[in-house]
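Colleague: Provided herewith is a single structure, encoded as structure tokens, for subsequent inquiry.
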There are 2 protein chains.
Amino acid sequence: MNATGRHQVPVPPGGMIGILGGGQLGRMLALAAARLGLKTHIYSPEKDAPAFQVCDAHTVGRFDDADALARFAAGCDVVTFEFENVPADAVANMVPNAGTLRITQDRFEEKSFVTSLGLGTAPFRKVDAPVEGSGILKTRRMGYDGKGQARVSGRREIAEALERFRNAPSILEGYIDFAFEASVIAVRGGDGSFAVYDPPENAHENHILRRSTVPSRLTPAQCDEAKAIAKKIADALDYVGVLAVELFVLKDGALLVNEIAPRVHNSGHWTIDACLVSQFENHIRAVAGWKLGDPSRHSDAVMENIIGEEARDWQRLAARGGALHLYGKSEIRPGRKMGHVTFLSRKKS
Amino acid sequence: MNATGRHQVPVPPGGMIGILGGGQLGRMLALAAARLGLKTHIYSPEKDAPAFQVCDAHTVGRFDDADALARFAAGCDVVTFEFENVPADAVANMVPNAGTLRITQDRFEEKSFVTSLGLGTAPFRKVDAPVEGSGILKTRRMGYDGKGQARVSGRREIAEALERFRNAPSILEGYIDFAFEASVIAVRGGDGSFAVYDPPENAHENHILRRSTVPSRLTPAQCDEAKAIAKKIADALDYVGVLAVELFVLKDGALLVNEIAPRVHNSGHWTIDACLVSQFENHIRAVAGWKLGDPSRHSDAVMENIIGEEARDWQRLAARGGALHLYGKSEIRPGRKMGHVTFLSRKKS
């Protein structure tokens, strides 16, 4: 075991990968680990976590239960996570590292880090109390899928939003008039090796990813720039594992960093079907200390999320001719990601 | 539940698929079911069956323990199997059907069935006692990977082989001077729908599959004939699920049926990486009463088995640039299938 994942002895086939979080990302990580002959132990506070259905061992426990976490970690060769809001110091043998979590769990820290690397972001400032200004007010911590966000204009709306956020420390981001959104899914090994997938173009609806398309409208030069951004961030964090960087593509062609996700990412799900080695397998390879796999794409791909009630239509979805992925969630809820479908077509370039 | 799988109500996401057998085929079936949001319950006599690592529930039990089998089956929406030597009447709600097992569990019955359809096989005859003749003596039941087989010439060698087989009822097959071996992996749905993968060419070493390559050397007309053979067999058996037909390709171009495997097959493992919907997923779709998935191939593929001690070389295998699949087997044994690697290349035609 190794706290940082650097120069570690590879976890051999039959070894145990611990995963904090048992949702669809944990589930797809477990399925990828299984393909490599690795076992998984899933830790989740949910009693019927989807990933429990596909793992060798599972623990139902809270993320603030230090004893349960310690027992869990002691039985794993390495521990990773499916979402970035686990406590940064949850366990010792965690990959990616706790330092990354401390930065990416706080929007202000994250954006400050990104700008310190000379990379562009939307204009932003800390907001702890009502101020003048307009843009999108976001809580610094724990936001996802549009939760903890409000469009605001003027001191009164900012005051109201802060009240809804229970005065959680926040940031105010300026509006960006982007042409479209894209992301980069990259993976860095413990030996500093780096691999990156072709950047998809992403369409959101109600703050939730609807569709990822690859190839995107990015030019070859923009693709290279996007990949270089991901590498700069991963290197600076001494990162090990898969990391996603969400980007705004401006009308003048500039790329701004919107968000860093220190984990496998919804906009990379197409890699399961369009690449020989998916983002999930490459994350497992990286955290287990294996050589990274080939991220090249054999097909063009469109990935569409199946959200909430859409999952009731599974028979039609199964007959549509794409690759259907359902996440084993027992309950449909509005806005809940229930699955996705990937459509492939012959690679044009 | 439905004993034959015909016109059944589809098993919905969250439903339970029972699988008899917990080896690599059961494991890959379980992984495919998980992708569709289906749960699996694995039944195996082995305490550390590889498939136990990736399923929702497992039972350690013998295949002749009727009570344990009945309890297992009662908790499953449908039951299927990973290998054809389970008792034909093991459980009621089994797909493919028991009639198929009764035929394919006995080489004499199987070959008689194949010839009754007007399809070619090697010359064969029943052997219950020493006779004159030469060829390959095979026990009628329970043979696989070359077990229960002997090359024989003359009454004395046949007598010796029968003694080694403990006088098990056998057949004597004439030698076939084939150009190469191929197989067809097909799937038939409960509604009679049919889908078939491109037939791979197969190379064996020591009676164990070494390599499958697709496209094969079969001409387009031979591919069509191979697919028609699989359809004829599947229809005649009123088959539901994936079925593999091993073929001898003669120097004059004729195709002879070597063996029927009423299950997913080693020569179809490349479908995981080279097709949008693999043989494993299509088997699960068929037995669960879902629409079949697209069997078309997006890439050319070569699949190589990892056998016995070769698995010790996993670090090099993981770095070779293919898709590595390891089966989670705790013990390496000579001739044991430990995993496989699939290499893809751009589809030529």
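The values are calculated or read from the model by the stated rules, or taken from the named source; none is laboratory data. As the structure is a computational prediction, the values presented were derived from the model and not from experiment. Because the Cβ atoms are built from the backbone with ideal geometry, glycine has one as well, and the counts that use them run over all protein chains shown.
Colleague: How about segment B:306-322: which of its residues are more than 8 Å from every other protein chain (Cβ to nearest Cβ) and either aliphatic (A, V, I, L, M) or farther than 21 Å from residue B:274 by Cβ (or both)?
Modeller: Just the residues of segment B:306-322 that are more than 8 Å from every other protein chain (Cβ to nearest Cβ), to begin with: B:306-310, B:312-313, B:316-317, B:320.
Listed by number, the residues that qualify are B:306, B:307, B:308, B:309, B:310, B:312, B:313, B:316, B:317.
Colleague: Hey, any hits in segment B:122-139 for a residue that's charged (D, E, K, R) and surrounded by 16 or more Cβ atoms within 10 Å (Cβ to Cβ)?
Modeller: Yes: one or more hits.
Colleague: Could you figure out which of (1) within 11 Å of chain B (Cβ to nearest Cβ); (2) touching a strand residue (DSSP E or B) at 6+ places or on another chain (Cβ under 7 Å); (3) more than 23 Å from residue A:207 (Cα to Cα); (4) modelled with pLDDT of 95 or more isn't true of residue A:291?
Modeller: In the conditions (1) within 11 Å of chain B (Cβ to nearest Cβ); (2) touching a strand residue (DSSP E or B) at 6+ places or on another chain (Cβ under 7 Å); (3) more than 23 Å from residue A:207 (Cα to Cα); (4) modelled with pLDDT of 95 or more, residue A:291 misses (2) alone.
Colleague: Only one of these conditions is not met by residue A:54: (1) of a type in the set (Val, Ile, Thr); (2) more than 29 Å from residue B:337 (Cβ to Cβ); (3) in contact with a Lys or Arg (Cβ under 7 Å, 6 or more places away or on another chain). Which number is it?
Modeller: (2)
Colleague: Looking only at segment B:139-174, filter to residues that are assigned to a strand (DSSP E or B) and of a type in the set (A, V, I, L, M); which one of those is modelled with the lowest pLDDT?
Modeller: B:150
Colleague: Could you pull out the residue among A:101, A:29 that is under 18 Å from residue A:240 (Cβ atoms), in contact with a Pro (Cβ under 7 Å, 6 or more places away or on another chain) and in contact (Cβ under 8 Å) with a residue 40 or more places away in the chain? Give the steps one after another, and end with the answer.
Modeller: Working: A:29 fails: in contact with a Pro (Cβ under 7 Å, 6 or more places away or on another chain).
Going through A:101, A:29 in turn, the sole match is A:101.
Colleague: Let me ask you something else. Please find, within segment B:323-347, the residue that is surrounded by the fewest Cβ atoms within 10 Å (Cβ to Cβ) out of those that are over 12 Å from residue B:24 (Cα atoms), among the hydrophobic types (A, V, I, L, M, F, W, C) and within 10 Å of chain A (Cβ to nearest Cβ).
Modeller: Among those that are over 12 Å from residue B:24 (Cα atoms), among the hydrophobic types (A, V, I, L, M, F, W, C) and within 10 Å of chain A (Cβ to nearest Cβ), it is B:343.
Colleague: Does segment A:254-268 contain at least one residue that is over 24 Å from residue A:96 (Cβ atoms), among the charged types (D, E, K, R) and at pLDDT 95 or above?
Modeller: Checking segment A:254-268: not a single residue is over 24 Å from residue A:96 (Cβ atoms), among the charged types (D, E, K, R) and at pLDDT 95 or above.
Colleague: Could you pull out the residue among B:203, B:254 that is within 30 Å of residue A:297 (Cα to Cα) and among the small types (Gly, Ala, Ser)?
Modeller: That would be B:203, the only listed residue that is within 30 Å of residue A:297 (Cα to Cα) and among the small types (Gly, Ala, Ser).
Colleague: Here is a follow-up. Outside any loop (DSSP other than H, G, I, E, B) and crowded, with 24+ Cβ neighbours inside 10 Å: does that describe residue B:234?
Modeller: Working: outside any loop (DSSP other than H, G, I, E, B): yes; crowded, with 24+ Cβ neighbours inside 10 Å: yes.
Answer is yes for this residue.
Colleague: Would you point out the residue of segment B:267-282, among those that are more than 10 Å from every other protein chain (Cβ to nearest Cβ) and assigned to a loop (DSSP other than H, G, I, E, B), that is farthest from residue B:348 (Cα to Cα)?
Modeller: B:269
Colleague: Could you tell me whether residue A:285 is farther than 20 Å from residue B:284 by Cα, facing chain B (nearest Cβ under 10 Å) and not acidic (Asp, Glu)?
Modeller: When the stated conditions are applied, residue A:285 passes them.
Colleague: Report yes if residue B:201 is modelled with pLDDT of 95 or more, surrounded by fewer than 22 Cβ atoms within 10 Å (Cβ to Cβ) and in contact with a Phe, Trp or Tyr (Cβ under 6 Å, 6 or more places away or on another chain), otherwise no.
Modeller: Yes, satisfied.
Colleague: Next question. Take residue B:195 and decide whether it is farther than 17 Å from residue B:248 by Cα and part of a strand (DSSP E or B).
Modeller: So residue B:195 fits the description; yes.
Colleague: Which residues, counting only those in segment A:290-304, are closer than 21 Å to residue B:291 by Cβ and either assigned by TED's automatic domain parsing to the domain that holds residue A:21 or surrounded by fewer than 21 Cβ atoms within 10 Å (Cβ to Cβ) (or both)? Can you show your working first?
Modeller: As a first pass, look at segment A:290-304 and keep what is closer than 21 Å to residue B:291 by Cβ: A:302-304.
The answer is A:302, and nothing else.
Yes or no, residue by residue, for (1) surrounded by 24 or more Cβ atoms within 10 Å (Cβ to Cβ); (2) within 22 Å of residue B:305 (Cβ to Cβ):
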position	(1), (2)
B:34	yes, no
B:59	no, no
B:63	no, no
B:85	no, yes
B:97	no, no
B:100	yes, no
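Colleague: Hey, can you tell me all the residues within segment B:301-349 that are assigned to a loop (DSSP other than H, G, I, E, B), under 19 Å from the mean Cα position of the chain (by Cα) and either over 17 Å from residue B:266 (Cβ atoms) or among the hydroxyl-bearing types (Ser, Thr, Tyr) (or both)?
Modeller: Matches in segment B:301-349: B:327 only.
Colleague: Which is of a type outside the set (S, T, N, Q), touching a Gly at 6+ places or on another chain (Cβ under 7 Å) and modelled with pLDDT of 95 or more, of A:15, A:37?
Modeller: A:37
Colleague: Against the condition more than 9 Å from every other protein chain (Cβ to nearest Cβ), in contact (Cβ under 8 Å) with a residue 24 or more places away in the chain and of a type in the set (Gly, Ala, Ser), how does residue A:73 come out, does it pass?
Modeller: Spelling it out, residue A:73 is indeed more than 9 Å from every other protein chain (Cβ to nearest Cβ), in contact (Cβ under 8 Å) with a residue 24 or more places away in the chain and of a type in the set (Gly, Ala, Ser).
Colleague: OK, next. Considering only residues that are more than 10 Å from every other protein chain (Cβ to nearest Cβ), in a loop (DSSP other than H, G, I, E, B) and not hydrophobic (A, V, I, L, M, F, W, C), which ones fall in segment B:50-70?
Modeller: B:61, B:62, B:64, B:65, listed by residue number.
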